[in-house]
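Bear in mind these aren't lab numbers, they're just calculated from the coordinates by the rules spelled out. What you see is a predicted model; the values in this text were computed from it and never measured. Cβ: placed from backbone, ideal geometry, glycine included. Neighbour counts: every protein chain shown.
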Amino acid sequence: MDYDQADSLVQLSSSQSSSTWRELVQAIQYFKRCLHIVDRLYQSLSFYAIPIDFSYNVNRYVHLVINKLVSQPFYSSFIRLPLPITPAIITTNPKFYPFFKGCISAIDGFHTPAFVSAENTARYRNRKGFISQNVLAACSFSADFVYILSGWEGGAADSQVFHDAHHTDFIVPNGFYYLADAGFPLCDSLLVPY
């Protein structure tokens, strides 16, 4: 988020009555100030002379913004899964339509490198041998991310991450499904290859 986007959020917040929205915008304003100071320090080549308490405040505001974005009031008000309709790219193509009727989008897991404490190293070591987080992502046919669940240990299987997402907030309506690879379980919500 750049400075102009943060300013537009601040202007938009004046028309919102939700206290959660106002708290988020306030956290973004603090974070914006921190980024501005870091930018000035970097330009003056004294970036490594940043006081420890300032670094702590930047970290605190980053976490404050993230926690507000994933909080239940904000998440349930502003985050929406795609509508349960088969996309036009499937319905208009005779190669796809009767076969993929009810398909919403595709889902997959991927590993992103992670830094963890020494006692957590074993849990975060994936099957390829490096330390990572397993991230579950659903992507629409227009290449937009529609769902992301991050933070799972690298040792967790895609099916385990999907099970957690499916039982918390990743709801697949009856009669619809997502395309997935062989790492996911066979169920009514997913179409996996045999």
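Here the range 139-154 and the range 67-112 have alpha carbon centers that stand 10 Å from each other. Remark: spin-label model distance residue 187-residue 144 equals 2.5 nm, labels positioned 7 Å along the Cα→Cβ axis.
Loop-located trypsin sites (Lys or Arg not before Pro) across the range 94-151 with a Cβ neighbour count of 10 or fewer within 10 Å are 95, 127, 128, with loop assigned by DSSP.
Extending each Cα 7 Å along its Cβ direction at residue 167 and residue 93, get the distance between those two points in nm, one decimal. Between residue 167 and residue 93, the label points sit 3.5 nm apart.
Placing R0 at 35 angstrom, the Cβ-Cβ distance between residue 85 and residue 123 gives a FRET efficiency of 0.35 after rounding to 0.05. A Förster distance of 22 Å, applied to the separation of the beta-carbon atoms of residue 106 and residue 70, puts the FRET efficiency at 0.40.
Taking a straight Cα-Cα cut-off under 25 Å and skipping sequence neighbours fewer than 8 places away in the same chain, the lysines within cross-link reach of residue 32 are 68.
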